[in-house]
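Read the figures in this text as sums done on the coordinates, not as results from a lab. As the structure is a prediction and not an experimental result, all values here were calculated from the model. Glycine gets a Cβ as well: all are built from the backbone with ideal geometry, and neighbour counts include every protein chain shown.
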Amino acid sequence: MQNNSIQVKGLQKSYKQLNVLKGVDFEVEKGSIFALLGSNGSGKTTIVKILTTLLKQDSGTAVVNGLDVLAKPANVRQSISLTGQFAAVDEILTGRENLIMIARLRHLSNPRQVADDLLNRFGLTDAAHRRASTYSGGMRRRLDIAMSLAGRSPIIFLDEPTTGLDPEARIEVWKMVRELATNGTTVFLTTQYLDEAEQLADQIAILHEGRIIVSGTLADLKKLFPPAQVEYIEKQPTLEDIFLAIIGKKEKN
């Protein structure tokens, strides 16, 4: 228990006659990247809303950072950050003003310095004084995640963070997610992109028809299938390799 940031047991949730969650169980280790996979309507966002106290479960327990989400919702909210499917930035404000506003709302000392540090960390210093409405999709997502990190929350929830982003911006988000985990932040990631989970996740869980049907590392999941037949073929570049080569950028591993 002490090594886990999140523990979920028997989680159930229904909307009128629709049973969305039918007894969900999983645990998330501290400082890890946990990817929750599932098709549209499988209940991924419902789970995120329950864990972030935006929605109450019908039954079951959910403990986040050692706190029960029903018993101590205010304390849970103080220990987490949430980035939704769409960037929640104020487009009238500049990037720096958005960050200063969040730092003040979190009652942080020296909010201007907090903003400047985050702008530098996320490569937005040159755009700091531009309105967020002029940002590209990738820049907006970076700003959104930077706003979520104001205050150094030990757990961050990313609900389909790369939906709608171009390949270059998507890779930028991947780099930031890896950096978060490297620095000890627990990352709870929901995604529809299987390659995203494969690239990032320490643990993967698949949600189907209201239940977690499988959970484990990528290596664990691969063991569920028969051994692949070994064939020696010339490796061809992926479309992503071609795209990045053409625009002159390559992801650094």
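A few remarks follow.
- Test: residue in segment 96-107 that is part of a helix (DSSP H, G or I) and under 20 Å from S5 (Cβ atoms): no
- Against the criterion of being touching a residue at least 40 places away in the same chain (Cβ under 8 Å), touching a Phe, Trp or Tyr at 6+ places or on another chain (Cβ under 8 Å), of a type outside the set (K, R) and under 21 Å from E91 (Cα atoms), A132 does not qualify.
- Identity of the residue in segment 74-116, under 15 Å from S153 (Cβ atoms) and free of Cβ contacts under 8 Å to residues at least 24 places away in the same chain, that ends up surrounded by the most Cβ atoms within 10 Å (Cβ to Cβ): N75
- Test: K9 is in contact with a Lys or Arg (Cβ under 6 Å, 6 or more places away or on another chain), in contact (Cβ under 8 Å) with a residue 24 or more places away in the chain and of a type in the set (D, E, K, R): no
- Within segment 176-192, tally of residues that are β-branched (V, I, T) and either out of contact with any strand residue (DSSP E or B) (no Cβ under 7 Å at 6 or more places or on another chain) or without any contact (Cβ under 8 Å) to a residue 24 or more places away in the chain (or both): 1
- Yes/no for T46 being without any contact (Cβ under 8 Å) to a residue 40 or more places away in the chain, buried (at least 19 other Cβ atoms within 10 Å of the Cβ), within 17 Å of the chain's Cα centre (by Cα) and outside any loop (DSSP other than H, G, I, E, B): yes
- Conditions (1) touching a residue at least 40 places away in the same chain (Cβ under 8 Å); (2) surrounded by 19 or more Cβ atoms within 10 Å (Cβ to Cβ): number failed by V173: (1)
- Residue satisfying all of: in segment 15-26; surrounded by 14 or more Cβ atoms within 10 Å (Cβ to Cβ) and not β-branched (V, I, T); farthest from the chain's Cα centre (by Cα) among these: N19
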